[in-house]
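See structure below.
Laboratory data are not the source of any read-out in this text; all were calculated from the coordinates shown. Since the structure is predicted, the reported quantities are computational estimates derived from the model, not experimental observations. Cβ coordinates were reconstructed from backbone atoms using ideal geometry, including for glycine residues, and neighbour counts include every protein chain displayed.
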Amino acid sequence: MNPRTSIIPVLVSVALSLMSGKVFAARNALPASASDAAGKQHWHLRGQVTNLRGEPISGAEVRVETSPGASFVRNLETNLKGEFETDFDAAFRKSIQIKLAATRNGYAGARENMEFESPDKTRLIRLVMRKDEADARQLSLEELTSQIGERLRSSRVADTSSPSVAAGCEEGARELMDAARAENAVRILTGAMAQHPESVECQTLLGLALLNWGSWFGAIEQLNAAARLTVSHENTLKRAEPFLVLGVLESWRGEQRKAAGFFIRALDADPADPLALQELARGYILQGNVETADAYLVKAIRQGAPVESHLLRAQALLEEGSPAQAQTEMAAYLGNRKPKQLPTAARYLWTTMEQRVELESTGHVQSVVDQPVTDLMRALPELKGLQPAEDQQQLGVILKRVSQNVDTFFSSLPSTTSLEKLRMERLHRDGSVAEAHNQDFQYLVLAENQKVSHPNFEEYRTDGTGSRAAQGGFGGRFMVTQGFAAASLHFHPVFRRGCRFRYLGRQSVDGRDQFILAFAQRPETAEVLETFRIGQVGTIVLVQGLAWVDAATYQIRRLRTDLLRPLPLIHLDRQTTDISFKEVSFTDVKSDLWLPRRVAVTVDWNGRVYRNWHTYSDFKLFNVEARHKKGSETETPVN
């Protein structure tokens, strides 16, 4: 759900899932003759490539290489479940080393080296890839490496009684910190640790180097070893750094409770550790416990925490309802720098906070939640016939039932495909069509069905070949819109705290009794954020809206959203999205699903009015089958 086009309002959310290892649908084996098979062992390798949160990455290129001796090399491509597999024959030996490297556009490379001692069992290898674009809410790998690496280097990184390990660790630190050559650092630090495995500092540096090189599981192994060393050796100075890094890795994965456990252990080693205090506070912010986060951030700043602590405290203060104090903390974070001088991820977070502070500081926006029902009925013809509610006593029950349905929908949503007919229009001021373009797509909703707290799915268009369709606006003449299956996330139990709600009353629509709910996002707590993107620059959009809820089933039948308020700085005066949902049945799915059937999006931007019509039909379950890249397989014999 990440926007990649010129002007795109897109719903975004954070999702979490773990993939299970399944038998793959296809294999990529090379046949061997009887003579070739003599004196050889047969190996079967399978694996999966995921992102940090365990979500599969399709289309990743995986290079498989075996050693020792002359290498067997094969290039594979992951299927839509992130899976790959292959078979190969190798000469008899006690063990075989397998090197894997995965690459994909938009991600940093991933690597893992494994040693297997027997071909009897199928081997499952997992590779984890990080996005090139860091999550603005998290501590970046670069900052983590800088903060921890400098600490370890300043402590001379090794036991002075072992000059060889001291020299090796110093050289490895220089390669990692100064030259940014992670692969060289891994090689040097591995050699130093082979001779002197007792150095906590060197072990931790090696973990950082492996992380920068792309070896997620190799890094975790070294960091766990460092953590064990710092608590098991009586004569070893207890260090916070291994626990700090492990905590940050868990936070990246979305496992905030596990992360907190590591940060607390880091504070056991050093109760005044400013980075541990900061990262523990970050986890509380991500969990919505801003009061506790603020208390830890105050301590962190007093102990000389990184400047990012001020930005995190601004976020906590804003959610506590103190925009003026939040502005002060943001100014402390920025210092003498200009926003454009900040790193990309930090600049995005700073911009987001600036927008939220501005919205909160300008006073309460009168939204559909606050306006008199009579005014709404005059302004919105679709409310004709509404019987206004006398009070809000039914709101809690209605919201609870709607939230349960939304939660069920996202937790059971299968991967689906549908025919999307898209009509893009540019309008005259009188509403007549100045220019139009029609196009058909296959619209894919790729979902994972694990029962997790956050919905996990991706929406995108495909062309006739099954590849992702280009998301252009035809030279700026039209706009591009997508992400409508996610529209009901405002009512999801995880994200409801980001909105205010009001029960407006009942209305008969097409012969069915329906509840009408009004909602408006809270600038300080909203998590389901739309982005209006012009070129490469995105602006957060907060919305208000109406939901038509079936009084018998509590299913959302229609959803309309508008801007919470116009955004004059980017000349965005209106953005209205009107979604009608359709009940869809699938043979292999127990319950019916309510999916977008017809969507109208109207945008008044920069003096121009655009309107898109999306119509969805021919809904089908999307069957994921393994596929490998053709023509990419090479092999040399293993001696």
Reachable aspartates and glutamates from residue 421, criterion Cα separation under 13 angstrom, eight or more residues apart if same chain: 440, 463, 618
Inter-probe distance in nm under a simple model that places probes 7 Å from Cα toward Cβ, at residue 591 and residue 432: 4.9
Length gained when the stretch residue 379-residue 258 is fully extended (0.36 nm per residue, less Cα-Cα span): 38.6 nm
Inter-label distance, nm, simple model (7 Å from Cα along the C-beta direction), residue 463/residue 146: 4.1
Global geometry of the stretch 141-361, whether rounded, prolate or oblate, following the gyration tensor of its Cα atoms and the 1.5 cut on a/c: prolate
Cross-link pairs 299/340; 400/590; 238/340 - those with Cα-Cα distance over 32 Å: 238/340
All aspartates and glutamates inside 17 Å of residue 81 as judged from Cα atoms, apart from same-chain residues fewer than 8 positions distant: 55, 61, 448, 458, 459, 625
